[in-house]
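To start, the structure under review is shown below, and the notes come after it.
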Amino acid sequence: MATSNDFRNGMVIRKDGKLFTVVEFLHVKPGKGGAFVRSKLKEVRTGRVLEITWRAGEKINDVRLERQKAQFLYRDDLLHFMKLDNYEQLALTPEAVGEDKAQFMKEGLEVEMLFDGAEPIVVEMPNFVELEIVRTDPGVKGDTVSGGSKPATLETGAVVQVPLFLQEGQIVKIDTRSGAYVSRA
């Protein structure tokens, strides 16, 4: 058991049965009254941010998450992963992984998974992935002055906005955090 005085950025705690990461905290000692700690907590599964005030020294449940490398194998109704240390296979729903992340997962992609005991909590993708454009409209000659963009379907089925000069079959670099085109690969 830890206390609110032990807060540090990145620390994971359990509150009301949910896991939260400490994003920001501030110890406050007013001139009158007892000290307290203001904190910003981010829920691990949903990403929702809460601001909570704690009494100084209030007990909290500190959680130790284990980080393991895994490889994405394939997708059917579920997303299938294999741990790289012991080759154990796991199947997670797209909702558990996050729909925004799942759309950029390609077979063979290495990810990091955070485990609370034996239960996978979070799948952390690399910041950038390289994917092939499968379908896009051809760019119109002379249409580049405005620096416009067009939708392109990637090999994973995700649709992103790309510059007009890109064609089918080209490999592009995508930022998995925002889902935006970065550059050609």
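Tabulated results
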item	result
Residue within the stretch 134-143 that is crowded, with 16+ Cβ neighbours inside 10 Å and at pLDDT below 85 present	yes
Among (1) assigned to a loop (DSSP other than H, G, I, E, B); (2) in contact with an Asp or Glu (Cβ under 9 Å, 6 or more places away or on another chain), the one test that Glu132 misses	(1)
Matching residues, the stretch 83-116, being part of a loop (DSSP other than H, G, I, E, B) and either hydroxyl-bearing (Ser, Thr, Tyr) or touching a residue at least 40 places away in the same chain (Cβ under 8 Å) (or both)	Tyr87, Thr93, Gln103, Phe104, Met105, Lys106
Residue within the stretch 66-75 that is among the hydroxyl-bearing types (Ser, Thr, Tyr) and in contact with a strand residue (DSSP E or B) (Cβ under 7 Å, 6 or more places away or on another chain) present	yes
Residue under evaluation Met1, criteria (1) under 30 Å from Ala158 (Cβ atoms); (2) touching a residue at least 60 places away in the same chain (Cβ under 8 Å), criterion not met	(1)
Selected residue (criterion: farthest from Phe7 (Cα to Cα)) from residues of the stretch 29-52 that are of a type in the set (Val, Ile, Thr) and at pLDDT 90 or above	Val49
Some residue of the stretch 40-59 being under 30 Å from Tyr181 (Cα atoms) and touching a residue at least 60 places away in the same chain (Cβ under 8 Å)	yes
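The values are calculated or read from the model by the stated rules, or taken from the named source; none is laboratory data. Quick caveat, the model's predicted, so the values are computed rather than measured. Glycine gets a Cβ as well: all are built from the backbone with ideal geometry, and neighbour counts include every protein chain shown.
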